[in-house]
1. According to the Kirkwood expression over distinct Cα-Cα pairs, how big is the hydrodynamic radius of segment 517-610, in Å?
2. Long-range amide H contacts for Ser152: which residues qualify at under 5 Å (H placed 1.01 Å from N, peptide plane, sequence gap of 5 or more or a different chain)?
3. Mind ranking 482-493, 280-291, 569-580 by how tightly packed they are, going by the mean number of other C-beta atoms within 10 angstrom, highest first?
4. Mean separation of Cα pairs under 8 Å and 6+ residues apart, divided by the residue count of the chain: what relative contact order is that in percent?
5. When 1/r is averaged over all different Cα pairs and the result inverted, which Kirkwood radius in Å belongs to segment 62-189?
6. Bin all alpha-carbon pair distances of segment 452-610 at 10 Å intervals from 0 and give each bin's fraction as a whole percent.
7. Using the Cα atoms of segment 107-157 to build a convex hull, what is its mean projected area in square nanometres?
8. If I take all pairs of Cα atoms in segment 164-231, what percentage of them are more than 14 Å from each other?
Amino acid sequence: MAQVQLTETYACVPSTERGRGILISGDPKSNNILYCNGRSVIIRNLDNPQNVEVYGEHAYPVTVARYSPNGEWIASADVSGTVRIWGTHNGFVLKNEFKVLSGRIDDLQWSPDSLRIVASGDGKGKSLVRAFMWDSGSTVGEFDGHSRRVLSCAFKPSRPYRIITCGEDFLVNFYEGPPFKFKQSQREHTNFVNCVRFSPDGSKFITVGSDKKGIIYEGKTGEKIGELSAQDGHQGSIYAVSWSPDGKQVLTVSADKTAKIWEISQDGNGKAIRTLSSGSGGVEDMLVGCLWQNDHLITVSLGGIINVYSASDLEKAPRTISGHIKNVSALIMFQSDQNMVLSCSYDGVVVKWVRGVGYSGNINMKDHAPIKCFTAVEGEIILSGFDNKVWRAPIQADECGPAEHVDVGSQPKDLSVAINAPEVVLVATDSGALLINGMKVLSSINLGFTVTASAISPDGTEAVLGGQDGKLHIYSVSGDTLTEESVLEKHRGAITVIRYSPDVSMFASADANREAVVWDRSTKEVKLNNMVYHTARINCLAWSPDSTMVATGSLDTSVIIYELGKPASSRMTLKAAHLGGVYGVAFSDECSVLSSGEDGCVRLWTITPQ
């Protein structure tokens with residue numbers, strides 16, 4: 001029985017939202033950073049971005065995660081108002097789970113002694129801020145004074161303890177404690193106050209808001225002492241702010257697509273000393289999150305691109321880390337370069353990954369539209385969205401060449417391309433199939449049943465179409481006509497995917513009723529059956545290059561690898577490969593499998609035969 005190990009994870013990037021800041025936080029001791037995407041908390045190391053761990057135990061989308069000051073625990077909060085506290089070592093053991101607010105939590109902070117946590121957000125009519133003991137969950141203090149959603153909170157990192165909160169009612173509230181009680185309120189801002197942060201020594205704190213202002217206050221009393229100068233200031237809402245470790249400078253990011261570094265003088269005023277801008281200036285380049293950790297300055301854009309600058313050498317170009325935000329629905333390998341893989345997510349982002357390196361650039365599509373079907377032949381990608389068109393574009397180094405398209409009249413369900421005759425494409429639609437040669441529709445054939453999946457043989461002479469009724473119809477293709485040769489009945493659910501083996505002697509099909517079958521192409525007999533070990537719909541299927549193994553990925557979050565010539569029961573199972581379901585699977589060589597899924601990640605698994 002062979003062993004399968006996870007060797008690389010190409011992680012997703014933070015979920016972002018237009019007009020809101022997002023939170024990334026770090027552990028100064030280990031150079032790890034935390035961010036959230038969907039229901040996952042991603043832990044990444046800045047020195048080695050390939051080093052990724054994912055925590056996926058939340059039942060709802062996660063909004064914030066933070067390390068405790070002693071680095072032993074992580075507290076993460078989600079949109080249902082739940083906070084989970086879990087260990088950073090030995091398998092993320094859960095310490096506690098508390099229902100803190102009745103609505104979404106937007107920010108949380110630990111006290112410097114790691115004993116208390118304050119969380120703020122939307123209370124749906126009940127309290128908007130709560131502080132509690134980390135082990136018992138008992139409340140420490142009363143937080144009155146806010147009337148709308150509280151976007152950010154901060155805990156003074158030195159005694160005497162203070163808590164500051166700010167939010168959509170334009171207020172900055174100051175609480176003393178513990179037990180905490182309301183002391184005073186500052187009304188300096190004229191729009192949403194997006195973020196509040198204490199300097200590392202606790203002597204000052206700063207608030208930034210959608211009124212393009214940043215205001216600095218005295219840490220112990222909460223009196224205003226200065227502000228960021230409007231000269232060279234931001235031209236848009238400021239979403240986030242982060243202090244340098246020495247407390248002399250701050251980093252801010254804004255909707256004007258720039259990040260600025262400010263020198264904070266002793267009297268509490270700030271002047272801009274550096275502006276960092278990147279990207280081409282589209283909406284995607286709005287910056288929504290930042291973090292200053294040790295020597296790293298991190299900014300996150302709306303499109304999910306993470307730029308890491310070096311604080312000691314700002315002239316140096318930033319290191320860019322990126323990936324997918326949404327479900328990754330297709331993986332493409334090219335024969336010519338086994339180390340490169342293209343992955344495509346539902347929102348139209350195509351990313352290029354290189355083995356051992358990770359992210360190596362986005363393939364820029366001219367028209368950025370949702371993608372439903374995605375396939376490729378050497379040097380070309382073929383895709384379709386939700387607009388009845390099939391697109392075809394050559395790939396240069398990082399660019400897509402000019403795309404051509406053909407209108408097929410109804411929405412494509414599945415695309416398949418004849419690898420040895422790459423101008424021939426078979427398009428499956430609701431009621432039938434179309435043959436496209438070059439960029440011309442040769443014929444549109446109504447087959448009289450609902451087509452759900454299709455495949456065309458590499459030489460373009462045979463096609464297999466699967467229906468809603470679970471039958472496989474085999475056609476011979478000559479010129480522009482399809483002639484039905486035979487019908488295979490074994491599946492008990494709608495066919496979801498059909499693939500020819502690389503040596504073209506077999507094909508495999510899978511259905512929504514969790515079964516996969518391998519067929520012999522010439523005799524039309526079943527080569528491998530009883531492949532019924534998934535517990536939900538099979539979404540994707542792939543052959544190994546030597547046609548000896550078949551991998552299937554399913555909605556049940558696992559990938560199963562079957563070997564031909566052995567009974568299906570001696571399978572290899574990769575459990576919980578992707579939170580939310582597996583949607584893409586591919587072999588890069590005989591002993592490496594790539595998988596992708598709902599969690600926005602791509603994973604590389606290595607098979608070691610015994």
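1. For segment 517-610, inverting the mean 1/r across all distinct Cα pairs yields 13.4 Å.
2. For Ser152, whose amide H was placed from the backbone, the distant partners under 5 Å are Cys166.
3. My ranking of the peptides, most packed first, is 280-291, 569-580, 482-493.
4. With pairs under 8 Å counted, the relative contact order is 8 percent.
5. By the Kirkwood definition, the hydrodynamic radius is 14.5 Å.
6. Using 10 Å bins, I get a P(r) of 11, 42, 35, 11, 1 for segment 452-610.
7. Averaged projected hull area, Cα only: 3.5 nm².
8. Everything past 14 Å amounts to 55 percent.
The values are calculated or read from the model by the stated rules, or taken from the named source; none is laboratory data. Predicted model only: the values in this text are computed from it and were never measured. Reconstructed Cβ throughout: ideal geometry from the backbone, glycine too, with neighbour counts over all protein chains shown. The area values use the complete protein model at the heavy-atom level, side chains included, leaving out ligands, DNA and RNA. Shrake-Rupley method; radii C 1.70, N 1.55, O 1.52, S 1.80 Å.
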